[in-house]
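One structure is given here, and the rest of the page talks about it.
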Amino acid sequence: MYCFKSKATGDVLMLQENGKRLLDILGKDAAAPGILLVEDMPSAIEAIGRAIEDEALEFERKKQEATEKGEYVPDPERLSLKTRLHPFLSMLSHCQREQAHVTWGV
């Protein structure tokens, strides 16, 4: 389990798999404690946005391929990266306004 903390918000908890994926997207070491500085938040938000967009495009591609082959179509109600990372994105937006860093593993 990952716990992301900030003085400006409540904690955001993520299961191991989701937290690791988020930290990979951010280019952070998932095995070590870390900090996301306020000045790095705009690029973090952009990186998360790109990852969400990439996942959505990949899902649509797989769905189209399955439809064309007459195979099982992936579930559109799956829990997407966008849904999983929404609490963290909200945290980042609030932390930017409040000029507060985000930490984990400390």
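Things worth noting here:
- Candidates 87, 74, filtered to the one that is in contact (Cβ under 8 Å) with a residue 12 or more places away in the chain and not in a helix (DSSP H, G or I): 74
- Residue in region 52-60 that is over 16 Å from the mean Cα position of the chain (by Cα), of a type outside the set (Lys, Arg) and part of a loop (DSSP other than H, G, I, E, B) present: no
- Taken together, the criteria exclude residue 46 from residues that are in contact with a Lys or Arg (Cβ under 9 Å, 6 or more places away or on another chain), at pLDDT 95 or above and loosely packed, with under 14 Cβ neighbours inside 10 Å.
- Condition check for residue 65: assigned to a loop (DSSP other than H, G, I, E, B), more than 19 Å from residue 7 (Cα to Cα) and modelled with pLDDT under 95: no
- Residue list for region 13-43, filter: part of a strand (DSSP E or B) and touching a residue at least 24 places away in the same chain (Cβ under 8 Å): 14, 34, 35, 36
- Residues (of a type outside the set (A, V, I, L, M, F, W, C), at pLDDT below 90 and surrounded by 12 or more Cβ atoms within 10 Å (Cβ to Cβ)) located in region 68-106: 74, 80
The values are calculated or read from the model by the stated rules, or taken from the named source; none is laboratory data. Quick caveat: nothing in here was measured; it's all calculated off a predicted structure. No Cβ is skipped: glycine too gets one built from the backbone with ideal geometry, and neighbour counts run over all protein chains shown.
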